[in-house]
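Contents: one structure, followed by commentary.
The values are calculated or read from the model by the stated rules, or taken from the named source; none is laboratory data. In this text, all values refer to a predicted model and were calculated from it rather than measured experimentally. Every residue, glycine as well, gets a Cβ built from its backbone with ideal geometry; the counts of neighbours run over all protein chains shown. Accessible surface areas use protein heavy atoms only, side chains included; no ligands, DNA or RNA. Shrake-Rupley method; radii C 1.70, N 1.55, O 1.52, S 1.80 Å.
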Amino acid sequence: MADAGQWYNSLPRFTRYWLTATVGLSLLCRFGLLPMEYMYLSRELVFTRLQLWRCVTSLFVFPLSGATGFHFLINCYFITQYSQRLEKDQYARSPADYMYLLMIIAVLANLGGMLFNVYFLMDMLVVAITYIWCQLNKEVIVTFWFGSRFKAMYLPWVLAGIELIFHGSLASLVGIFNGHVYYFLKFQYPQELGGNALLETPQFLKRLVPDISGGISGFGVPPESRAPPPRQTQANTWGRGMALGRN
């Protein structure tokens, strides 16, 4: 038990919150302590009866049964692996940025769930987070079932293919789309295409969850900018000099 407690406490903050809410609420529904009929996402009930809490409960509640238990455990494993890595590495010094990422993914998952009539959104969230980590670590070799090994960039597509074949669900494909929307707007558009930073974390979140100074981060490295350098409109006669911040 001590080892389990140490492992749980070692999880970064928002990964731990996510896992706790998912396991806790799903078990409460499984044993009938919370009514499942009030937990799932329903476009009609959200818009016609204003049951807005469904947009939150559907993010964390998973319909546990004998047939879905293994799938639930796999999702929990992916939360502890890829959410933890993303939060510890890429967002180690800026937890508010990771909190904002989860909020964006949650909103996109709700939109996708309403569009495709997906009642529980755990698969979308897990695959979206996994996709973002995999895009930041494309060349890392990951190990999957039966010892198969391949580059991380292919992992989300393997997950989506398995779910589509065995469950006939589009949830993981929607999760890939959601993850790509975030990755494109956060990294590719401003850094590769020279566009504006559209997903800057609001200051009130920064004040709520301040940045952490020091430490080591950056194992998941965003793509280097390929945007063309700005044109010089006027030449000078004092030489080119040296730009600050460059070696």
Would you kindly give the portion of the calculated P(r) for the chain that falls above 27 Å, as a percent of all Cα pairs?
-> 43 percent
Those lysines that a straight Cα-Cα span of less than 25 Å connects to Lys151, excepting residues fewer than 8 apart in one chain = Lys88, Lys138, Lys186
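Report the charge-dipole magnitude of the chain in Debye, nearest 20, computed about the Cα centre from +1 at each Lys and Arg Cβ and -1 at each Asp and Glu Cβ.
Working: 19 positive and 13 negative charges, 102 e Å.
Roughly 500 debye for the chain.
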Sequence ranges 174-182, 6-14, 35-43, 128-136, ranked by mean other-Cβ count within 10 angstrom, highest first = 128-136, 174-182, 35-43, 6-14
Spin-label point model (7 Å from Cα, Cβ direction): what's the Lys151 to Thr48 distance in nm?
-> 4.9 nm
Quick one: accessible area per residue over the chain, 1.4 Å probe, rounded to a whole number of Å²?
-> 60 Å²
Once normalised by the length of segment 1-137, the mean sequence separation of its alpha carbon contacts under 8 Å that are 6 or more apart gives a contact order in percent of 30 percent
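Roll a 1.4 angstrom probe over the protein heavy atoms and tell me the percent of accessible area of the chain that is carbon or sulfur. List each step's numbers first, then the result.
Numbers: 9230 of 14840 Å².
Percent of accessible area from carbon and sulfur atoms in the chain: 62.
How would segment 1-122 be classified by its alpha-carbon gyration tensor: rounded, prolate or oblate, with rounded meaning a/c under 1.5 and the a/b versus b/c comparison settling the rest?
oblate
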Determine, for each peptide in 104-114, 60-70, 152-162, 191-201, the mean count of other beta carbons within 10 angstrom over its residues, then list the peptides with the highest first.
-> 104-114, 152-162, 60-70, 191-201
For segment 60-149, restrict the atom set to alpha-carbon positions and state the Rg and Dmax in Å.
-> 14.2, 40
Can you give the relative contact order of the chain as a percent, counting alpha carbon pairs under 8 Å and 6+ residues apart?
-> 20 percent
